[in-house]
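Written out below as structure tokens is the structure these notes cover.
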Amino acid sequence: MSILLGCIADDFTGATDLANTLVRQGMRTVQFFGPPGADVTVPEAEAVVIALKSRTNPVDEAIQQSLEALQWLQGAGAEQFFFKYCSTFDSTPQGNIGPVAEALLAALDQDFTIACPAFPENGRTICYGYLFVGDQLLSESGMQNHPLTPMTDSSLVRVLAAQCRHPVGLVDHRTVAAGTDQVHAAFKALRAEGKQHAIVDALSDADLLSIGAACADLKLITGGSGVALGLPDNFRRAGKLSSDTVADGLPSVPGLGAVLSGSCSEATLAQVAAMQKSRPSFQLDPLKLAAGEDQATEALAWAMAQLDDGPPLIYASAAPDDVRAAQDRLGRAEAGALIEAAMARIATGLVAAGVRRLVVAGGETSGAVVQALGVNGIRIGPQIDPGVPWTTTLGGPELALALKSGNFGVENFFLKALDCAP
Ligand code: ADP
């Protein structure tokens, strides 16, 4: 098997978001959770996304995991590489976006890449290097309250430069609007100045297509899923990708459904409230978990009683003040870890009880659930909402999974997803 595009994503839902874009642009795409072992059969696909859980790990660990993924993708014949992170540039002051990008560049013997998290379809745009969520600056969008990666500076040039050893430049919107050739020329000029990274402005999908075309000869691209929009066409223009591939076919997975939500983003809080209007719910509380209350067993027993009437909702999602209160008492990492461990146990119990269609909200939360279920890989199917497709597992256990990044999805996302499950 030889693939065209090899991708590394720093969290599980982000990986699925990227895979969703590639599928919609006609590339058959599979996603693995970590590099697959030698015993795993990789199905025919033009793109492989290796999902890591490296966003908030210590920098050295994130680099090591990313380099291992790169090595696997190189072995699979990938011609071009993509490092995917969140469209809200989620990172800590130490990284890991900058250090991982620099390590991948060095391993590929390259000296230039772009950094473009823009995702206009979901309201993430970049203008003069400043990231907006809808009409608000990143640092005023709610992301300043993220439980793990609070984003308090909207200047991506400044944020990335603080994480990098090499200088960071900017290709601003005037250049992007002038088209692919100008963007390409700007890359060349920045490279000549010794800039190793370029934040690239993008306000629309048309901008992303120009940028994508200008990246045809870059070995490594870094960004959100949006900038991948223009990459499949580069392969098509080079005669390497057919135009008639049906990329989003999935097998049908009948069975019961359930929703697990560990994201505390504003979008998820609204989705939890929306589902509560018509379905019963069970709330996990980090303080109760820390006090030794076995909420996972309680939640499972509760869910068993609901399952036959429709999908239950189990959530830890809470408003910023409650999250802060729990974190002040337990520590940020410990509060998250307690909830993730409970979600993992609940997911395993639900599947044992016959649930086959799971909607999971939150990147870290999805990571914990997928690992607990022993899922190695997924095939990407049709989109539910921008950035979130249905997927089915490769190998056992046979499940349909919708892994939703915190900020994505319309207000009735949970029930909407289950209504169109494969
Ligand atoms: P998102 O995709 O919105 O970033 P994640 O699942 O990646 O969501 O991150 C949310 C983090 O917050 C997880 O580690 C989760 O366990 C943690 N969390 C969820 N609910 C609470 C809560 N009530 N208090 C503290 N932390 C929480």
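Descriptive notes on the structure:
- Angle in degrees between helix 205-214 and the longest Cα principal axis of the chain, rounded to the nearest 10: 50 degrees
- Helix-only CD estimate at 222 nm, as mean residue ellipticity for the chain, using -39500 (n - 2.57) per DSSP H run (n ≥ 4): -11500 deg cm²/dmol
- Diffusion of the range 5-237 by Stokes-Einstein, at 37 °C in a medium of 0.692 mPa s and with Rh set to the Kirkwood radius over alpha-carbon pairs, works out to 190 µm²/s.
- Square roots of 5 times each gyration tensor eigenvalue, C-alpha, the range 269-422, largest first, Å: 24, 17, 16
- Radius 12 Å from Cβ of Arg55, net charge of other residues (Lys, Arg +1; Asp, Glu -1): -3
- The range 256-334: GluC sites (Glu not before Pro) in DSSP coil with no more than 15 other Cβ atoms inside 10 Å: Glu293
- Projected onto planes of every orientation and averaged, the convex hull of the alpha-carbon atoms in the chain covers 18.6 nm².
- In this structure, the pairs whose alpha-carbon distance is over 22 Å, taken from Lys277/Lys416; Lys53/Lys240; Lys53/Lys416; Lys84/Lys416, are Lys53/Lys240; Lys53/Lys416; Lys84/Lys416.
- Inverse of mean 1/r across different Cα pairs in the range 50-153, Kirkwood, Å: 14.8 Å
- Summed residue charge, Cβ within 12 Å of Gln295's Cβ, Lys/Arg positive, Asp/Glu negative: -2
- The range 15-87, Rg to Rh (Cα coordinates; Rh as Kirkwood inverse mean 1/r): 0.95
- Label separation (Asp205 vs Gln182): 2.3 nm, computed from points 7 Å beyond Cα along the C-beta direction.
- Cα centroid separation, the range 222-300 to the range 344-410 (Å): 6 Å
- Annotation: for a label point projected 7 angstrom from Cα along Cα→Cβ of Glu298, residues of the range 348-381 with backbone N closer than 20 Å are 348-350.
- One quarter of the surface of the convex hull around the alpha-carbon atoms of the range 273-315 equals 3.0 nm², the direction-averaged projected area.
- Size of the range 150-275: Rg and Dmax of its alpha carbons, in Å, are 19.4, 57.
Read-outs: derived from the displayed coordinates by stated rules, not from any lab. None of the values given here were measured: they were computed from a predicted structure. Note: ideal-geometry Cβ built from the backbone for every residue, glycine included; neighbour counts use all protein chains shown.
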